[in-house]
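Quick notes on the structure that follows.
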Amino acid sequence: MGMPDAEGHGPTDGLPDLPPEWGRVVVPDDASALADEAAQLRRELRRQARSGRWRRRLGLTARPDGRPPLGLPLLMLLVAVLATTVGLVTVTWPRSSRGTERPTVLPQTGTPTPLVGRSLPALDLVDVDQRPVPLRGLLPAMIILVDGCACAEQVAAAASAAPDGVQVVSVAAGREVTPAPPVGGPVRALADPAGELRAALHLPAQAGAAPALLVDRAGTVVRVLPELGAAADYRGDLIRLGG
C-alpha cells in the first residue's frame, strides 16, 4: 500500500513525484478499469502514425539539416497550377452551354422555303384612310411587299394576271399607303405601320426588290417569290389559288 502524499490527499502507491498540475494520481487495483483510456490512447497513436506516414510520403516532414521540407513547395506549386487551369477552362468554355445567357439569333437569309406551308399571321393593316383592314379577310390573295421597291409595273402585271376571286394586295411600310397603279385588275393598297408582317415572316427588306406571297383560302402560304418578276413565272399559281 502507498503512503499519503505531501498534502494528505491519499496514497501515491509508490509513484515518483509528479508535476503538481497533474493533480491527484490514483492507480486502481484492477487494470481493467483503464480499458477505455487504453483504447483511446491506442487510437490516438494509430492516428499519429498514419499522419506521420502520409507526411513522409508527401515530403512534408522536416529534413535532418533543418531546411524546410521538400514536399511543401511542391504541394503549393501543384495547387497554383490547378487553380490556373480551372480559371483558363472557365474563361474559354463555350458560352452556348450556359443556361443563363440568351441564345444567339442569326440573321435571316431571306430564303423562301421555310415560309411555304406556314399560316399567314392574323394582322390588321390600314388603308389609305387609316382604317384597319384584316389581312386574312382578303384571301385568297397575292400579297406584295412594296416597302423596298414600289415596282409599279410588276404590281400592275400581277393584277392583270390574277383571275376573279384572287385579290392582289400591296403592302407598304409605315402609315403612308402606296397608291395602287392604274391597271385593269384590282389592287388593294395597304400599309403596315408597325412592320408586323415582315417581322412575322422574317423577310428582310432589300432595296429594289418586292417579294410576294401567294396565300390560299385557308390562310396557308403556298409559294413565296423573293422578288416579283414576270407574270409568266407565277400565272399558274394564281389560277390554282382561284380554283
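None of the figures in this text is laboratory data; all of them are computed from the coordinates on show. The structure presented is a predicted model; accordingly, all values stated were derived computationally and were not measured. With ideal geometry, Cβ positions are generated from the backbone for all residues, glycine too; neighbour counts draw on all protein chains shown.
Annotations for the structure displayed:
- Taking Cβ atoms as reference points and 13 Å as the exclusive limit, the residues near residue 217 contribute a net charge of +1, counting Lys and Arg as +1 and Asp and Glu as -1.
- DSSP beta bridge pairing in segment 140-230, given as percent antiparallel to the nearest 5: 40 percent
- Distant-in-sequence amide H partners of residue 118 (H built 1.01 Å from N, under 5 Å): 221
- With N counted as the residues of segment 145-209, its alpha-carbon radius of gyration over 2.2 N^0.38 Å works out to 1.10.
- Neighbours of residue 208, meaning other residues whose beta-carbon lies under 15 angstrom from its beta-carbon, give a summed charge of -3 when Lys and Arg score +1 and Asp and Glu score -1.
- Amide H contacts of residue 167: 141, 142, each under 5 Å away and 5 or more positions distant or on a separate chain (H built 1.01 Å from N in the peptide plane; Pro and chain starts excluded).
- Count Lys and Arg as plus one, Asp and Glu as minus one, and take only other residues whose Cβ is under 11 Å from that of residue 119; the net charge is then +1.
- Reduced Cα scattering model of segment 109-243, Debye log10 I(q)/I(0), q = 0.17, 0.18 Å⁻¹: -0.83, -0.95
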